[in-house]
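The values are calculated or read from the model by the stated rules, or taken from the named source; none is laboratory data. All values reported here derive from a predicted model rather than from experimental measurement. Please note: Cβ atoms are built from the backbone with ideal geometry, for glycine as well, and neighbour counts cover all protein chains shown.
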């Protein structure tokens, strides 16, 4: 059986990160007893999702261009997955650094960890039946 990269990976990775990271952010705020922002992200969850989506568009535009290139050149799936996860994690870091310098490190960390874990969790390949 031959493997082929599937575009649904991009969307699963992107949307899972957007949906899970606000909860992880609140968990990280909860761990720090001096933090008074506990529950802040979940209280305004729809707004956070919308803003996260808007701020992530540049990163995932680059991600999709690289995805297309990797798929066209047929690089190994492991290499491709590592590159795509790295792009998303670095893109999240750059976005948070430019938009929220120094004030939301727990959120930055939560989004980066969520992107890393969801990127590893979802399958990049789609199995195709071998041609006889």
Original post:
So which of 66, 90, 62, 44 is more than 16 Å from residue 7 (Cα to Cα) and within 15 Å of the chain's Cα centre (by Cα)?
Top reply: 90
Subject >> Unique residue being assigned to a loop (DSSP other than H, G, I, E, B) and either within 17 Å of residue 11 (Cβ to Cβ) or modelled with pLDDT of 90 or more (or both) when the list is 131, 123 >> reply: 123
**OP:** Exactly one condition in (1) buried (at least 19 other Cβ atoms within 10 Å of the Cβ); (2) touching a strand residue (DSSP E or B) at 6+ places or on another chain (Cβ under 9 Å) is not met by residue 77; state its number.
**Re:** (1)
Original post:
Taking the stretch 38-74 on its own, how many of its residues are in contact with a strand residue (DSSP E or B) (Cβ under 9 Å, 6 or more places away or on another chain) and either loosely packed, with under 15 Cβ neighbours inside 10 Å or not in a helix (DSSP H, G or I) (or both)?
Top reply: 1
Original post:
Is one or more of the residues making up the stretch 78-98 out of contact with any helix residue (DSSP H, G or I) (no Cβ under 9 Å at 6 or more places or on another chain) and on the phi > 0 side of the Ramachandran plot?
Top reply: no
**OP:** Check off (1) over 17 Å from the mean Cα position of the chain (by Cα); (2) free of Cβ contacts under 8 Å to residues at least 24 places away in the same chain for residue 71 and give me the number that stays unchecked.
**Re:** (2)
Subject >> Residue check for residue 75: modelled with pLDDT under 90 and either in contact with a helix residue (DSSP H, G or I) (Cβ under 7 Å, 6 or more places away or on another chain) or closer than 16 Å to residue 118 by Cβ (or both) >> reply: no
